[in-house]
Amino acid sequence: MNTIIRTDGLTKHYGHVHALDGLDLSVDEGQVHGFLGPNGAGKSTTIRILLGLARKTGGSATVFGEDPWTSAVAIHRRVAYVPGDVSVWPNLSGGEAIDFLARLRGARTKDRTYRAERERLMAAFQFDPRKKGRAYSKGNRQKVALIAAFAVPADLYILDEPTSGLDPLMEVVFRDEVQRIRQGGATVLLSSHILSEVELLCDRVSIIRAGRIVESGTLAELRHLTRSEVSFEATDESALAGIPGAHDGTLDDGRARFTVDSEAIPSVLPVLAQRAVAGLRIEPPSLEELFLRHYGDDLATLRSAEDGPSTGSGTGTRAARRVAARES
């Protein structure tokens, strides 16, 4: 399989600030590769180097086997890029802006194929192309870039927080379009901090922290690094006694819960079967938990938020509790 993007020991320094500190990233042809990390982790700096918009300090970076700093023009002919904060020309209509961006990528905007694809995408994204750019909300500006990117076929799509400002319905449309271009053989580098989006779309995931990749692999591979949650109906905590490999046992709202390493599940299930437990549920670890695992220094904030008056009970809060228990 061809490698489309590769960085080895990539560094980028801004004075004393090390935005990238030895980044090793590999994206193979035909993959949707998730690039995860919070703001300031180095995602956008990496993308700027890959696009030839910033010069590396050290290491190497290639796109299609070429150096993006010296071969930016050739690379850009094969790349569609969507940033997380799109600006549009205030005096151009949305349709005019889409056509202009498409022409920059070599499209013939009067071609029937392009026009049909453009119309299909505008209908799917519920986009009005007649308004001037100055009248567009952030979400509509984002739609301009997305429609322009998807309307013209590319070998590589670099998407940096592409759904910023979109409502949930439009996020579904975005996911459908990513699935379509992947089926067509395109490669996608998807930079995001929306974990559910990455979990639904990506074949592989790389997590960046402080300018370095700290985990990389398929979701199945990465899930082995965290524990699954097992729960069943129970009336008291004695139901948790004697379960091999159980961690973090709790009783909450009539359900006993514990976590277990993935490889220990086969030894747990016979024990639960002998006890004839009811309402058994096994939840595999989420990407959110893996992400929190590498940002454990933020868990103090999460713990204090749980102790405050606005304590939540959603999935994110439970994930934070589970990761906090493992780190402590």
For the chain, the Cα gyration tensor yields equivalent-ellipsoid semi-axes (√(5λ), largest first, whole Å) of 42, 23, 19
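Filter Lys43/Lys143; Lys43/Lys138; Lys43/Lys131 down to the pairs with a C-alpha to C-alpha distance above 25 Å, please.
In this structure, Lys43/Lys131 lie more than 25 Å apart at Cα.
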Calculated SAXS-style log₁₀ I(q)/I(0) at q = 0.15, 0.19, 0.20, 0.32 Å⁻¹ - region 93-140, Debye, Cα scatterers
-0.39, -0.62, -0.68, -1.24
Can you put Tyr157, Tyr114 in order of Cβ neighbours within 10 angstrom, beginning with the fewest?
Tyr114, Tyr157
Where both partners of a DSSP beta bridge lie in the chain, what percent of those bridges are antiparallel, to the nearest 5?
65 percent
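I need the chymotrypsin sites (Phe, Trp or Tyr not before Pro) found in region 215-295, filtered to DSSP loop residues with at most 12 other beta carbons within 10 Å of theirs.
Answer by residue number: there is no such site.
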Viscosity 0.890 mPa s, 25 °C: Kirkwood-radius Stokes-Einstein D of region 1-98 over Cα pairs, µm²/s
166 µm²/s
Where does each of 260-272, 142-154 land if you order them by average Cβ count within 10 Å, highest first?
142-154, 260-272
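Please list 158-164, 278-284, 170-176, 19-25 highest first by mean number of surrounding beta-carbon atoms within 10 Å per residue.
The most tightly packed comes first, giving 158-164, 19-25, 170-176, 278-284.
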Rounded, prolate or oblate, given the Cα gyration tensor of region 29-168, with a/c below 1.5 counting as rounded?
prolate
Calculate, in whole percent, how much of the Cα-Cα pair population of region 186-259 lies beyond 17 Å.
59 percent
Measuring from centroid to centroid over Cα atoms, what is the spacing of region 211-269 and region 78-146 in Å?
46 Å
Check every DSSP H run in the chain and write down those whose alpha carbon atoms cover 27 angstrom or more along the long axis and whose mean Kyte-Doolittle hydropathy is -0.5 or greater.
none
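Bear in mind these aren't lab numbers, they're just calculated from the coordinates by the rules spelled out. These figures come from a predicted structure and were not determined experimentally. A quick note on method: Cβ atoms are made from the backbone with ideal geometry, for glycine too, and the neighbour counts reach across all protein chains shown.
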